[in-house]
Amino acid sequence: MSHLTERLAQLKSENRAAFIAYLPAGFPTMEKSKAAIEVLIKNGADIIEIGFPYSDPIMDGPIIQEAADIALANGVGANEVLEILEFTTNLNVPAVVMTYWNPIEQFGISEFADAIKSANGSGVITPDLSLEEAGPWINESKRASIDNIFVAAPSSLPERLNLVSSACSGFVYAASLMGVTGTRTSVSSSAQELVSRIRESVQTPVCVGLGVSTPGQAKEVASYADGVIVGSALIKVLLEQPDFETGLKELAVLTKSLAEGIRQSR
């Protein structure tokens, strides 16, 4: 059982959803990335999702793309992502890496699974890996005892949704809407329906991402999902402040308010 699975089970026993905070590795720099992660954890994040910066993302909106571009300009690659992963897990918090398939293939499938395990990572989210091509990665994930997490879309037909959900371990990543990441004024009504549909076929925890940016939205999603994933809103705070120290203070405020919203949902 991974640290991720243990933490989700613990939070379920406490009758609350997990707060999963996303940040790209090496944004705005390697050391500042570590400082931001410490702030997230100190102020209520239960699980950290570390983004592998990628030059041609299909799921990321403009805010995450901007952060990823900054990280890439800093020379962030696989080794730096793994460094941030190990830094995070050393803080006794479950952490997963979200990455597109190409970096895994370039690193080596079995080697990447082993590297995640060596850094005490719980698993990997692969948003662009189709089930038809996922066999080798699923096998390597199982061998290395790490979770493989796929993204379930609201548009999925029942049979497809069942296949995607059944292939997940750790949790199922339920996309709240069709489109890319980003802050929005409301969470799509399709999110709750998608969570219900997934639960018809699997007992695996279901965590909702895409578009959650306010405490009210986090509270709403936490009332029916096992986890709430927030990324763009956290990154936006760091991008918009005049200096990093101010950004950290604002990040702490937002993180704490999101955590409180999630805890008040049930």
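The values are calculated or read from the model by the stated rules, or taken from the named source; none is laboratory data. These numbers come from a predicted model, not from an experiment. All Cβ positions, glycine included, derive from the backbone under ideal geometry; neighbour counts span all protein chains shown.
Before moving on, here are some points about what is shown:
- Any chance Gly26 is small (Gly, Ala, Ser) and out of contact with any strand residue (DSSP E or B) (no Cβ under 8 Å at 6 or more places or on another chain): yes
- Among the residues making up segment 233-257, those that are surrounded by 14 or more Cβ atoms within 10 Å (Cβ to Cβ) and either touching a Gly at 6+ places or on another chain (Cβ under 7 Å) or not in a helix (DSSP H, G or I) (or both) are Val237, Leu238, Gln241, Thr255, Lys256.
- Members of segment 61-88 that are under 21 Å from Leu4 (Cβ atoms) and crowded, with 18+ Cβ neighbours inside 10 Å: Ala78, Val81, Leu82, Ile84, Leu85, Phe87, Thr88
- Search result, residues across segment 120-139 that are within 24 Å of Asn90 (Cβ to Cβ) and either over 17 Å from the mean Cα position of the chain (by Cα) or surrounded by fewer than 19 Cβ atoms within 10 Å (Cβ to Cβ) (or both): Asn120
- From the list Asp60, Asp56, the one residue that fits, being in a loop (DSSP other than H, G, I, E, B), under 22 Å from Cys168 (Cα atoms) and not hydrophobic (A, V, I, L, M, F, W, C), is Asp60.
- Gly227 falls short of the stated requirement of being surrounded by 23 or more Cβ atoms within 10 Å (Cβ to Cβ), among the small types (Gly, Ala, Ser) and modelled with pLDDT under 95.
- Per-region count, segment 53-77, residues in contact with a Phe, Trp or Tyr (Cβ under 7 Å, 6 or more places away or on another chain) and within 30 Å of Leu8 (Cα to Cα): 5
- Segment 25-60, residues that are more than 12 Å from Gly231 (Cβ to Cβ), crowded, with 17+ Cβ neighbours inside 10 Å and of a type in the set (Val, Ile, Thr): Ile37, Val39, Ile41, Ile47
- Count of segment 69-83 residues which are touching a Gly at 6+ places or on another chain (Cβ under 7 Å) and part of a helix (DSSP H, G or I): 2
- Residue selection: Pro242 satisfies the criterion of being free of Cβ contacts under 8 Å to residues at least 24 places away in the same chain, of a type outside the set (S, T, N, Q) and closer than 25 Å to Leu40 by Cα.
- Residue list for segment 10-24, restricted to those being surrounded by fewer than 13 Cβ atoms within 10 Å (Cβ to Cβ) and part of a helix (DSSP H, G or I): Gln10, Ser13
- Condition check for Leu85: closer than 20 Å to Pro24 by Cβ and touching a residue at least 60 places away in the same chain (Cβ under 8 Å): yes
- Residue within segment 25-41 that is in a strand (DSSP E or B), at pLDDT 95 or above and under 14 Å from the mean Cα position of the chain (by Cα) present: no
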